[in-house]
1. Taking a ≥ b ≥ c as the square roots of the Cα gyration tensor eigenvalues, with a/c under 1.5 meaning rounded and otherwise prolate when a/b beats b/c, else oblate, which class fits the range 34-94?
2. Whose amide H sits under 5 Å from the amide H of HIS198, counting only residues 5 or more places off or on another chain, with H placed in the peptide plane?
3. Using packing as a proxy for protection, rank 222-231, 69-78, 155-164 so that the peptide with the highest average count of other Cβ atoms within 10 Å comes first.
4. If you count, for each residue, the other Cβ atoms within 10 Å and average over each peptide, how do 190-201, 168-179 line up from highest to lowest?
5. From the phi of every residue in the range 131-141, what ³J(HN,Hα) in whole Hz does the Karplus formula 6.51 cos²θ - 1.76 cosθ + 1.60 yield, where θ is phi - 60° and glycine or proline is x?
6. Whole-Hz ³J(HN,Hα) for each residue in the range 214-231, computed from phi via Karplus 6.51 cos²θ - 1.76 cosθ + 1.60 with θ = phi - 60°, x for glycine and proline: what do you get?
7. Amide H neighbours of ARG45 under 5 Å, at least 5 residues apart or on other chains, H built in the peptide plane: list them.
Amino acid sequence: MIRLDMLRLYDVASVCLAMAALSFSACLDASAPRPLHTGCTSERRIALTFDDGPNPPFTQQFIDILRRYDAAATFFVTGQAAQRSPDLVAAEHAAGMAVGAHSWDHRAGLERISAQAFALDVARADDAIALAAGFSPRLYRAPFGHWSRTMLGTLDAHDYSAIGWDVDSRDWDISATSDEIVANVVSNAHPGAIVLMHDGGLGGGDPDRQRTLAALPRIIDALQRDGYRLVTVPEIAAAPEHAGAPGNHACGPNK
């Protein structure tokens, strides 16, 4: 059942769609939101993020590794995968990880659809994640990192934070070795970094995450030895996981 609060999102999206016929930027002005690519730079903290799951059996293994190293991360899950494996989304939340949305099914071209169609996709994913995690997420990452003004305006209208990344592990590249994945993260690490990794493989990616699993302990160990804490996106930026949840409001991006 569609919730009443999401119906308000549809109303906003419909207005934007109508206005867009008059002007491409009608729903957004110069102060419109932009994706957050980096977090607070004043402390040695990094946010690892994992996209496209949950993906059994790999997601639970990622959780176990993170807990073993007393590290946290943020999982951007698709609604479709959350619907298939709600227990894994619940396990992410129970382990102290943050959970965000990553569309319904990771299809390409969301940046080209109407505001109303995008709002429906958001709502569908939101419902599945809420059933699995017990809350409606307020973190959103676009498939492939492809954004549009329509997407950003729709998300902002319903208090979602659009989350990108500024360090790419390139674990989505099937030719990348575990050594290369480690090097891509460690060599580009910096305070406030948001790191792109994957526990799933939708959207044409490789669902076999063995290479990333092999790389993760080495990445965490190297970063911790260099004085970094591995935290969630809400801990590193002013981006609450869900309504009423804390974000780092004292230190936004580039502070």
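Bear in mind that the values in this text are calculations on the coordinates, not laboratory data. Here the structure is a predicted model, which is why all the values come from computation and not from measurement. Please note: Cβ atoms are built from the backbone with ideal geometry, for glycine as well, and neighbour counts cover all protein chains shown.
1. On the way: a/c = 2.97, a/b = 1.46, b/c = 2.03.
Oblate is the answer for the range 34-94, as a/c is 1.5 or above yet b/c matches or exceeds a/b.
2. Amide H neighbours of HIS198: ASP51.
3. Details: 222-231: 16.1, 69-78: 24.3, 155-164: 20.1.
Packing proxy ranking, top to bottom: 69-78, 155-164, 222-231.
4. Numbers: 190-201: 22.3, 168-179: 16.3.
Output ranking for 190-201, 168-179: 190-201, 168-179.
5. Listing the rounded values in order: 5, 7, 9, x, 8, 8, x, 10, 10, 9, 10 Hz.
6. 5, 7, 4, x, 5, 5, 4, 4, 5, 5, 5, 5, 8, x, 8, 9, 9, 10
7. GLY192, ARG229
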